[in-house]
Structure formats: C-alpha cells, structure tokens
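See below for the structure under consideration.
The values are calculated or read from the model by the stated rules, or taken from the named source; none is laboratory data. Note that the structure is a prediction, hence the values are computed from the model and not measured. With ideal geometry, Cβ positions are generated from the backbone for all residues, glycine too; neighbour counts draw on all protein chains shown. Please note that ligands, DNA and RNA were not included when accessible areas were found on the heavy atoms of the full protein model with its side chains. Shrake-Rupley method; radii C 1.70, N 1.55, O 1.52, S 1.80 Å.
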Amino acid sequence: LCTFMIAQGIPLERLSDGIPRILVIDDDTYYLDIIQDAFSAEKDILLYTASTAFEAGALLIEHNPHLIILDLKHSELSASLLKERAKARTETSDTPILGLAVLTEEGQTSPQAQYCDHLLAKPFTASELLIQVNRLLHHEH
C-alpha cells in the first residue's frame, strides 16, 4: 500500500490519521538522540526530526504535525519565524510549540520563548519531556 501511495503521490500521513505527529527541530544531535530515545517506547506517536530550517519547513508541510518541539538556540530557525509559518497554514495553525531552552542562573531564557506555547528547560529528563508533550497534545497548557 505504501509503495502504491508513494507512486501515486498520495501523502503517507493519511495512513496515520489519529496518530499524533511530532516534529522535533534541533541542530544539536545530542538532544535529537535524547528525544528520540524518550519516544522509543511510544508506539502511538510518529516522530519526525529536523536539524536544519529547510528540513523543518519540508517536514512541516509534508506531515502537518500536531506538536512542534523547537530548540530555542537553533542556529537557523527562530521560534517567531516557525510560529509565523505554522500559523499561516490551515493544517498547522493550531499546532502548539514546545520550546527547549537553557535557563540562566537568574531563571531567564531567550526572548524567543514568548512565541512558544510552553517551555521546557534543558537539561530535562525523558519523563519531564513526555509529560509536557502529553499535556500539549491534549491541550492542557
């Protein structure tokens, strides 16, 4: 079925309707690995990862994620631009953004945090990540 859908140009996401799709954008492979490991036991979630702004844009359009996880220190992509692009599309206009950021000793973070629906401080545990993801997927801000 997948081969047929690809040959016909039919998006594979139609096979996964009802399964939450999460787009993770981070240019730090260490955190991409940690996040992928955190979701490895989750069979009912489709996880897509991007390390560049180009990959992120393509995956946003192709998969219409239900949640976006963004490193606020990403070298190519700001939360404000991502939110603008996501909100401009009907399919992703309500997609929440979970920002990942290192807090200063004073508890401050990037000004980009204002464009996120929730913030998770680095370093974080797999449990903390999964709790926040579950809340955002179920609209419990």
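Taken over the stretch 41-84, the residue count meeting the criterion of being of a type in the set (Ser, Thr, Tyr) and within 11 Å of the chain's Cα centre (by Cα) is 2. Among the residues of the stretch 63-76, those that are open to solvent by less than 20 Å² (accessible area, probe 1.4 Å) and either over 23 Å from ILE19 (Cβ atoms) or in a strand (DSSP E or B) (or both) comprise LEU67, ILE68, ILE69, LEU70, ASP71, LEU72, HIS74.
Restricting attention to the stretch 19-35, the residues that are more than 14 Å from ASP71 (Cβ to Cβ) and either modelled with pLDDT under 90 or outside any strand (DSSP E or B) (or both) add up to 2. Report yes if some residue within the stretch 78-92 is open to solvent by less than 60 Å² (accessible area, probe 1.4 Å) and part of a loop (DSSP other than H, G, I, E, B); otherwise report no. Yes, the stretch 78-92 has at least one match.
Considering the stretch 104-135, and only residues there that are part of a helix (DSSP H, G or I) and modelled with pLDDT under 90, the residue that is least open to solvent (accessible area, probe 1.4 Å) turns out to be ALA113. Among the conditions (1) in contact (Cβ under 8 Å) with a residue 40 or more places away in the chain; (2) not in a loop (DSSP other than H, G, I, E, B), the only one that ALA101 does not satisfy is (1).
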